[in-house]
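Take a look at the structure set out below.
Each reported figure results from applying straightforward, stated rules to the coordinates on display, with no laboratory input. In this text, all values refer to a predicted model and were calculated from it rather than measured experimentally. Note that each Cβ is placed from the backbone with ideal geometry, even for glycine, and that neighbours are counted across all protein chains shown.
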Amino acid sequence: MKLDGQEESENVEDRRGLSAGAGVIGGGAGVVILILALIFKVDPAKISQFIGGGNAPQTNGQTAGPYQSKDPEEEKLAHFTKVIFGDTEVIWGELFQGMGKQYVKPKLVLFNDQVGSACGQADAAVGPFYCGGDQNVYIDLSFYKDMQKSLDAPGEFARAYVVAHEVGHHVQSLLGYSDQVHQAKRSSDQVEAHHMSVRLELQADYFAGVWAYHAQKKFNFLEKGDVETALHAANQIGDDRLQQKARGTVVPDTFTHGTSKQRMGWFNKGFTTGDVKGAAALFDLPYEKL
């Protein structure tokens, strides 16, 4: 990828180097939120509004000041992530303006090992995630190394796809798709709830592709082989592939993100069309035709 001259996002909170408890709502409340969410089968963000009062996560007296890693490679990855995040702000801002809407920018939170959010506490093992409760995208930069070593998914555009996918969840929230899914899941059985989760994740892949389509037209940052690295990453993190690798069997009714074929297909569909409205098809098509 050619990122020369593109600016980093200023909407970044760098929590690397903070203790594991920093950012957890009310200290241990994040764990309570997750437990209650599992018991009552509701969005953790909804519970956090009652426990945390709907305020931003507290950092137990710590502030996220400037952080400088001793690892030059980590700082390079941090810069890359901030630039890609900034690119998503530019593109989605323009696309929302074209739809007569305002794009509310999310915040990028970089962390090490563990982090607290409005959705509870999480560790690096969960991978990058978006929390609708605070509209933040959370990324532990070590995930990029895991992509290369454990998932065999190297490449800068593969990393950009990951960032764009999480931002895609924010776009879903702003456009009302997330609420639509949460409401449907509350009145569905377990299998249908999994199906709705798959639709939401595939739509985030589609939005990542839409972003890439318009970002390439604006920044011309792709080089030979870049698109293939993103498609390869989508293939490597399909539910069927991950389940087969982890336990030697595949259970489709437990899928939450979609098959490798589906993830590649919907990202590619977004990338080749650039059509935001095409995302609605994820909820119009029969599940077996996704």
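Things to note:
- The residue list T272, T256, T249 contains one member that is in contact with a Ser or Thr (Cβ under 7 Å, 6 or more places away or on another chain) and surrounded by fewer than 16 Cβ atoms within 10 Å (Cβ to Cβ), which is T256.
Residues checked against (1) more than 18 Å from the chain's Cα centre (by Cα); (2) of a type in the set (S, T, N, Q); (3) within 21 Å of K105 (Cβ to Cβ):
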| site | (1), (2), (3) |
| --- | --- |
| H170 | no, no, yes |
| E192 | yes, no, no |
| V198 | no, no, no |
| F221 | yes, no, yes |
| A230 | no, no, no |
| A233 | no, no, no |
| Q236 | no, yes, no |
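- Inter-residue pairs, beta-carbon under 6 Å, first within 15 Å of V162 (Cα to Cα) and free of Cβ contacts under 8 Å to residues at least 24 places away in the same chain and in segment 106-132, second of a type outside the set (G, A, S) and in a strand (DSSP E or B), 6+ apart: A124/D140
- Count of segment 125-172 residues which are over 21 Å from N112 (Cβ atoms) and among the charged types (D, E, K, R): 2
- Filter result (within 19 Å of the chain's Cα centre (by Cα), not basic (K, R) and not in a loop (DSSP other than H, G, I, E, B)) within segment 247-279: S260, Q262, M264, G265, W266, F267, N268, G270, F271, V276, A279
- Within segment 215-246, considering residues that are among the polar types (S, T, N, Q) and touching a residue at least 24 places away in the same chain (Cβ under 8 Å), the one surrounded by the fewest Cβ atoms within 10 Å (Cβ to Cβ): N220
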